[in-house]
Amino acid sequence: MPDLQNRIRAQLCTLPAIDIHTHLGTRGPRQAQSLADIASYHWLHSELQRAGASVQPGLARENPEAYMEAVIPFFPHIRNTSNHFVFMSILRDLYGYDGRTLTPQTWRGVDTKVRQSAAKTTWLAEVCDKARIKKVAVKFSDGIPEGSNHFYPYEYGEHLLGPAVVGKLNEVREQTGMRIHSLDELEEAIRKQVQTLKANASIHALHIWIGDSWSFQECGRSQARALFHQAHLGPISTDEINCLSSYTAGVLAEEAGKLGIVLQIFHGMNCYPSAERFGGWGSHWNPAFLRSLPLFASRCPEAKIDIFLGTAIPSHEAAAISRICNNVSISGGWWHGFTPATLVRFFKDRLEMLPHTAWNAYFSDGYLIEWVYGKLALTRTCLARALAEEIEDGFLTEDDAIEIAKNVLHDNPVRLYGLSKGL
């Protein structure tokens with residue numbers, strides 16, 4: 001198996017890839033200004049903190065040297081984690097570091113190299129080209145990087161799918177300039193905002209993270225109109241909020257579908273109130289959320305829905321949903337779902353249940369281009385392992401595996417997200 005897996009992985013590294021979701025620019029720079037920027041990525045930082053580092057991630061920007069001094073003793077304790085693997089892939093491939101982990105004696109030399117790259121205006125493109133990443137999604141309101149054709153826009157859309165759930169009706173008002181005192185006005189505002197985003201920003205997707213308690217349900221116009229009126233008189237129940245937001249979700253899905261905009265539906269994370277001071281976000285699954293998506297998909301047949309899972313538990317069920325819903329696809333692995341064992345499980349479920357035109361293997365969710373690079377390294381490793389196991393079991397040939405990999409890394413996202421122009 002190791003020889004086969006390594007052979008498959010080597011071929012995967014020659015294939016182009018598309019990153020369909022990042023947060024480049026959301027927290028400032030798109031490329032690291034110091035080693036501390038890379039080391040303070042929130043998932044890596046949480047592992048360092050759990051290992052004993054008593055420091056806040058914000059120190060990385062305020063005082064990079066102090067941050068590195070505080071965390072450097074704890075790198076040996078996390079060298080088993082997937083985030084450490086990604087981190088070391090970044091340091092090895094982009095900065096030539098060949099150590100097993102960072103040490104008090106070596107980190108300053110790496111830091112010097114990172115700072116040298118920070119001054120390069122071509123660094124974003126260089127990293128993309130090295131990884132063979134053809135396109136990277138960035139949030140339009142954060143700005144599209146200049147001087148490179150590697151980037152395409154998406155935008156946040158929670159407030160459009162369910163303003164009653166996310167409490168952002170005022171955001172809809174601000175973005176559309178409408179007063180919105182009735183359901184009809186809200187419906188008009190949602191359609192107007194989607195049309196504006198397409199016409200002015202040429203967005204390809206909407207980011208939808210609406211919360212763990214939501215699930216789609218039947219809600220007619222008259223019922224939604226009554227609920228909207230009630231909501232302006234006083235609090236309404238969680239079920240009533242879900243019902244009203246199911247109606248607005250249908251409005252959004254219909255309009256987005258007409259314009260070819262993908263709805264990226266995120267699920268599998270929940271904030272544990274007792275752990276808020278540690279970051280708080282843990283793996284979570286709400287069966288009602290996932291099991292309502294086939295109804296959502298059937299009521300909005302023009303919509304293109306892409307599921308992003310943050311936990312391994314519903315992997316098989318999500319693949320089954322995509323199997324029966326032609327307008328539902330599944331992509332990559334999100335947050336706690338981005339670990340080797342989970343990614344291989346995701347990929348195995350999808351390989352064995354879905355046409356290889358129905359899913360996408362990769363998105364980074366990265367805040368820096370360096371993590372976009374590193375997360376693709378882990379994705380290729382896990383995809384190679386899943387494909388190699390299928391070959392060993394006699395389900396695929398090596399030629400099959402490479403054709404499938406090309407689809408799930410590149411061709412499928414190009415088609416689903418309408419990215420053929422410029423490729």
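Looking only at residues in the stretch 313-332 that are more than 15 Å from the chain's Cα centre (by Cα) and in a loop (DSSP other than H, G, I, E, B), which one is farthest from Leu259 (Cα to Cα)? The residue in question is Ile313.
Selection of first residues in the stretch 178-203 that are touching a residue at least 40 places away in the same chain (Cβ under 8 Å) and surrounded by 13 or more Cβ atoms within 10 Å (Cβ to Cβ) and of second residues that are in a helix (DSSP H, G or I) and of a type in the set (Lys, Arg), restricted to Cβ pairs under 6 Å at least 6 apart or on distinct chains, gives the following pairs, ordered by first then second residue: Leu183/Arg225. Selection over the stretch 382-397 of residues that are surrounded by fewer than 22 Cβ atoms within 10 Å (Cβ to Cβ), part of a helix (DSSP H, G or I) and not charged (D, E, K, R) gives a count of 1.
What about Glu174, is it out of contact with any helix residue (DSSP H, G or I) (no Cβ under 9 Å at 6 or more places or on another chain), of a type outside the set (Gly, Ala, Ser), assigned to a helix (DSSP H, G or I) and at pLDDT 80 or above? So Glu174 does not fit the description; no. Quick one: is Arg50 part of a helix (DSSP H, G or I) and not β-branched (Val, Ile, Thr)? When the stated conditions are applied, Arg50 passes them.
Look through the stretch 218-236, keep the residues that are over 22 Å from Leu293 (Cα atoms) and of a type outside the set (A, V, I, L, M), and return whichever of them is surrounded by the fewest Cβ atoms within 10 Å (Cβ to Cβ). Applying the filter and picking the extreme gives Gly234.
Could you please find all residues in the stretch 240-278 being of a type in the set (D, E, K, R) and at pLDDT 90 or above? Across the stretch 240-278, the qualifying residues are Glu254, Glu255, Lys258. When you scan the stretch 91-104, do you find a residue that is surrounded by 15 or more Cβ atoms within 10 Å (Cβ to Cβ), over 17 Å from Trp371 (Cβ atoms) and in contact (Cβ under 8 Å) with a residue 24 or more places away in the chain, even just one? For the stretch 91-104, residues surrounded by 15 or more Cβ atoms within 10 Å (Cβ to Cβ), over 17 Å from Trp371 (Cβ atoms) and in contact (Cβ under 8 Å) with a residue 24 or more places away in the chain: present. For the stretch 203-239, a residue qualifies if it is modelled with pLDDT under 95, outside any helix (DSSP H, G or I), small (Gly, Ala, Ser) and closer than 22 Å to Cys300 by Cβ, and the qualifying residues are Gly211, Ser213, Ser215, Gly220.
Residue count for the stretch 35-64 under the criterion of being closer than 24 Å to Ala119 by Cβ and either surrounded by fewer than 15 Cβ atoms within 10 Å (Cβ to Cβ) or polar (S, T, N, Q) (or both): the result is 4.
The values are calculated or read from the model by the stated rules, or taken from the named source; none is laboratory data. Keep in mind that this is a model prediction, so the values were computed, not measured. Here Cβ is always computed from backbone atoms with ideal geometry, including for glycine, and neighbour counts include all displayed protein chains.
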